[in-house]
Structures are given as structure tokens and as C-alpha cells.
Amino acid sequence: MNWRAIMAIYRFEMARMWRTLFQSILSPVISTSLYFVVFGAAIGKNIGQIDGVEYGSFIVPGLIMLSLLTQSLSNAAFGIYFPKFTGTIYEIMSAPISTLEIVLGYVGAAASKSVLLGLIILATAWLFVPLHIDHPVFMFLFLVLTAITFSLFGFIIGIWADGFEKLQLVPLLIVTPLAFLGGSFYSIRILPPFWQDVSLLNPVMYLISGFRWSFFSQSDVHVGVSLGMTLVFLTLCMVAITFIFRTGYRLRP
């Protein structure tokens with residue numbers, strides 16, 4: 001394993017985060033804080049409790065997961081797309097570094113940024129709502145697995161995209177709506193039976209449900225199912241990336 005090459009890519013991508021600190025960290029934290037103020041403090045007083053949890057606290061896992069998904073996608077997608085756009089990707093591919101090492105460098109940096117952002121948002125949430133974590137180890141496990149999974153997904157999008165518009169296509173039109181409809185602000189158990197069944201087709205719902213369980217020991221589906229779905233999605237992304245590098249899809253002229 002060429003750790004020097006991995007760390008070179010990793011450090012370069014992490015340095016980009018500090019160069020764009022407002023866009024990478026401050027902007028998502030401020031946006032999420034507004035959700036806490038509006039939904040948690042203002043609207044939450046009129047809603048009361050969901051499954052015995054104050055509404056302001058109930059939405060915290062969903063808001064963290066919403067930011068985690070979108071930032072993991074965008075960080076990884078832009079990280080690999082920009083070398084494609086400038087042509088430096090060919091220098092990386094011709095260097096004595098394997099596909100696994102390239103993916104570890106880019107995806108590792110994107111996932112690290114997302115986990116850091118998720119922890120900052122979690123710390124910020126304590127300023128607005130009362131919060132406790134029943135299973136901190138599982139909380140961190142879901143946080144890391146989700147960040148890695150969607151960073152891999154973003155890596156695939158960055159290779160697939162042939163323009164800056166396509167970089168935003170999947171996050172804006174697919175992932176963000178799925179996150180909103182996956183129980184970020186509500187429990188699917190309050191929906192009519194038909195829409196509960198429809199919600200079970202939403203893969204993001206399993207991520208949010210498992211992450212919420214780590215906070216309150218309550219979830220819409222069993223935590224084992226949530227963890228299993230996360231690992232399935234992670235495996236599918238790894239298979240897709242292996243196919244891309246073996247075939248040179250969107251990498252070779």
C-alpha cells in the first residue's frame with residue numbers, strides 16, 4: 001500500500017476545505033442552525049412530542065443526516081471532477097498508485113470533512129435543543145459509514161458528470177428530496193399505511209432511522225435493517241467504482 005501517495009491526495013483535498021472554509025463548514029452549519037431555530041424553537045412548541053421525544057430534539061438526527069448526505073456527495077464529486085476538468089487525472093492514473101489508493105485518498109478526505117461537519121452540527125444542536133445520545137458508539141458508526149458510502153456515491157457522480165451542472169443534478173433532484181421524504185422531520189409511523197409502505201422504498205429512510213435510533217433508542221425500522229441497508233449501498237458503490245476503473249468509463253478519452 002502506497003501510503004505516501006494516499007496521504008498526498010488526502011492532504012491536498014483537506015487543504016481545499018480550509019481554503020473554502022465558509023462554503024465547506026460555516027455555510028452548512030448556519031443553514032442547519034436556521035432549521036433548529038425555525039422548526040425546533042418556533043414550530044416545535046406547537047407540535048409537542050413525537051414518540052416521547054421533544055420535536056426540536058427529534059429532528060436533530062435527520063438534520064445532521066441531511067447535511068451529511070449532501071456534503072459527502074458534493075465534496076467527493078467535486079474532488080474527482082476537478083482533476084478530470086483540468087486534465088490532471090491522467091497524471092494521477094499514470095503514477096505508481098493503484099485504484100484503491102486513489103479512492104482511499106479522495107473518498108477518505110471527503111468522508112473526513114463530512115464527519116467533522118456532522119460533529120460540529122451536533123455540537124451546535126446542543127445550543128438550541130435538549131439532547132442526549134443513548135448509543136454514542138452506534139451514532140459514530142452510522143455517521144462514519146454514511147459519510148463513506150455517500151462519498152463513494154459522490155465519487156461516482158464526479159466521474160459520470162461531464163459538466164458542472166451535472167454535479168448538482170443528483171444531489172438537488174434526487175438525494176435532497178429523498179432525505180426530506182425519508183423522515184428527517186417526522187416519523188413515517190404517523191403516515192397513512194399506504195405512504196408508510198412507499199416510504200420503505202426510500203433508501204435514505206433507513207439511514208435516518210438507524211441514526212435516530214442511536215440517539216433515542218427509537219426507529220421506524222429495526223436498527224439491524226438500517227445497518228444492513230447501509231452496507232448494501234456501500235458494497236454497490238464499491239462495485240461500481242471497480243467497474244469504472246477497470247473499463248476506464250469517463251476517464252479515458
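Values as computed for the structure displayed
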| item | result |
| --- | --- |
| Farthest toward positive dipole pole in the chain [+1 Lys/Arg, -1 Asp/Glu at C-beta], among L227, I92, I133 | I92 |
| 0 to 90° range, to nearest 10: angle between helix 3-19 axis and the chain longest Cα axis | 60 |
| Relative contact order %, region 3-247, counting alpha carbon pairs below 8 Å whose residues are six or more apart | 26 |
| Rounded D (µm²/s) - region 3-247, Kirkwood Rh over Cα pairs, Stokes-Einstein at 10 °C, 1.306 mPa s | 86 |
| Euclidean distance between Cα centres, region 115-193 to region 218-238, Å | 13 |
| Chain lengthening between H132 and D197 when straightened (0.36 nm per residue, less Cα-Cα) | 20.4 nm |
| Under 10 Å, Cβ to Cβ, from K113 - net charge with Lys/Arg +1 and Asp/Glu -1 | 0 |
| Cut-off 15 Å between beta-carbons: net charge of the residues surrounding A8, Lys and Arg +1, Asp and Glu -1 | 0 |
| Additional length obtainable on full extension of the chain from S94 to L141, 0.36 nm per residue less Cα span | 13.4 nm |
| Rounded FRET efficiency, nearest 0.05, which uses the C-beta distance separating Q49 from K166 and R0 of 41 Å | 0.45 |
| 0 to 90° range, to nearest 10: angle between helix 223-247 axis and the chain longest Cα axis | 20 |
| Computed magnitude of the charge dipole of the chain (debye, nearest 20; Cβ of K, R +1, Cβ of D, E -1) | 580 |
| Cβ-Cβ FRET estimate between A240 and K84, R0 fixed at 22 Å, reported to 0.05 | 0.85 |
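FYI, it's all coordinate maths here, none of it is from the lab. Just so it is clear, the model here is predicted, and its values are computed rather than measured. For neighbour counting, all protein chains shown are included, and Cβ atoms are generated from backbone atoms with ideal geometry for every residue, glycine included.
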